[in-house]
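What follows is one structure encoded as structure tokens, with my remarks underneath.
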Amino acid sequence: MTEAAAPRSAAGSAVWADALLASFAQAGYQRSEPTILQPAEPFLDLSGEDIRKSLYLTTDLSGEELCLRPDLTIPVARDYLASTRAGQPAGFSYLGPVFRYRSGQASEFLQAGIESFGRQDRAAADAEMLALALEATAAFGVRDVEIRTGDVALFNALLDALNLYPVWRRRLVKDFNRKVSLTDDIEQLTLKTAPGRNEYEGVLAALAGSDRKAALAFVTDLMSIAGTTNVGGRTTAEIADRFLEQSTLKGGALPREAIATIKRFLAIAGDPDDAVAQLRALAADAKLNLAAAIDQLESRIGFMAARGIDIRKTRFSTAFGRGLDYYTGFEFELHHRGNGAEPLVAGGRYDGLMTQLGSAEPIPAVGFSVWVEAMTRHGQATSFGAAQ
């Protein structure tokens, strides 16, 4: 069987498969069929921890580490960057198997979706993704859908405006992306500042005031002298980040005003229009310049309404994150109402991914994935054709 035929075979004779792809094509998204075997490095470096832990890895004769693709966003992006259309606006759709270890569930399962590259009208493109995702749920016969949205760009803008130490900023962004309780970690950051000594006191003193690049170079030299490239499974970069974090924490706690502002920010949730008002009030009270990020959110809400999305039925939360490290802005999940853990569709904006994958210039990117298993479980797949 050819690889191009594999997704159709995996989809079997289900009527919805061709209808779904046809609907994506009608919306202007060309079919993409990336190879199943992919370089492992992008997934290890750029994906969320849940994906990294579930990879199926192998090594070829040249020593390159490969994996069965755990999702299709990175493979579609890599193919786009290798094409003659790289840097130009282009949209792609896909339907095919992905591979992840999932305790108690099949490790091979179908994923469909859309990726949009190169569009400069970010707010409109974000709204289009959400509208197309909602059309897919309706077409599958899923009637009672809960819309959850967030925007990591707002959180990043807040941390930039607060002018935190870079190590604190990285730690808080990492927690946000990995759905760790930020409030709990903020408390830890205030507690881990008591004086004390440990066996790495000299290293911490040497790193005082360093930036990440200098810390990485210093730790790389130390590990080279020791003749090792990792300790306890941690890479050089992870060890450098940990030392830099400890060095910074010894210098003092997060400012209490910053803690209060972050907590107030993370408590904003509910109606998107109300959230905009609360964010503008917070920025004014704390004298922070968050205007550009808030304006982008407000513009997106307007385009969502223009697409026919009922804003009153959309939930926005400043603390909402999808657990993937490469997201840079708008994020969303569609759930069958009452099902908290399992999304039907999930996606968002990942403008930084293209340069991380080797693009010389930044390229805007946004997309979503359809979780076919969940869709067919909660809807009626046979209704897809009738819904078009």
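The values are calculated or read from the model by the stated rules, or taken from the named source; none is laboratory data. Since this is a predicted model, take the numbers as computed values, not measurements. When we count neighbours, we look across all protein chains shown, and the Cβ atoms used for this are built from the backbone with ideal geometry, even at glycine. The protein model used for the area step is the full one, side chains on, heavy atoms only, and it has no ligands, DNA or RNA in it. Shrake-Rupley method; radii C 1.70, N 1.55, O 1.52, S 1.80 Å.
Summary of computed values
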read-out	value
Identity of the residue in the stretch 297-317, farther than 18 Å from L132 by Cβ and touching a strand residue (DSSP E or B) at 6+ places or on another chain (Cβ under 7 Å), that ends up most open to solvent (accessible area, probe 1.4 Å)	R315
Any chance I114 is part of a strand (DSSP E or B), touching a residue at least 60 places away in the same chain (Cβ under 8 Å), within 26 Å of L44 (Cβ to Cβ) and aliphatic (A, V, I, L, M)	yes
Filtered residue count, the stretch 355-367, keeping only those that are more than 30 Å from R143 (Cβ to Cβ) and in a strand (DSSP E or B)	1
Hey, R78 surrounded by 20 or more Cβ atoms within 10 Å (Cβ to Cβ) and in a helix (DSSP H, G or I) or not	no
Pick from the stretch 81-105, criterion under 20 Å from the mean Cα position of the chain (by Cα) and in a loop (DSSP other than H, G, I, E, B), ranking: modelled with the lowest pLDDT	R102
Looking only at the stretch 155-166, and only at residues there that are farther than 19 Å from R256 by Cβ and more than 14 Å from the chain's Cα centre (by Cα), the one that is modelled with the highest pLDDT	A157
Residue in the stretch 47-69 that is assigned to a helix (DSSP H, G or I) and modelled with pLDDT of 95 or more present	no
Hits in the stretch 45-72 - residues which are open to solvent by 70 Å² or more (accessible area, probe 1.4 Å), within 20 Å of A346 (Cβ to Cβ) and touching a residue at least 60 places away in the same chain (Cβ under 8 Å)	E49, D50
Residues located in the stretch 16-46, provided they are among the acidic types (D, E), farther than 21 Å from M375 by Cα and at pLDDT below 85	D45
Every residue from the stretch 266-285 that is assigned to a helix (DSSP H, G or I), among the hydrophobic types (A, V, I, L, M, F, W, C), at pLDDT 95 or above and open to solvent by less than 50 Å² (accessible area, probe 1.4 Å)	A275, V276, L279, A281, L282, A283
Those residues of the stretch 120-174 which are aliphatic (A, V, I, L, M), open to solvent by less than 10 Å² (accessible area, probe 1.4 Å) and either assigned to a loop (DSSP other than H, G, I, E, B) or within 19 Å of L282 (Cβ to Cβ) (or both), in sequence order	V142, V152, L154, L158, L159, L172
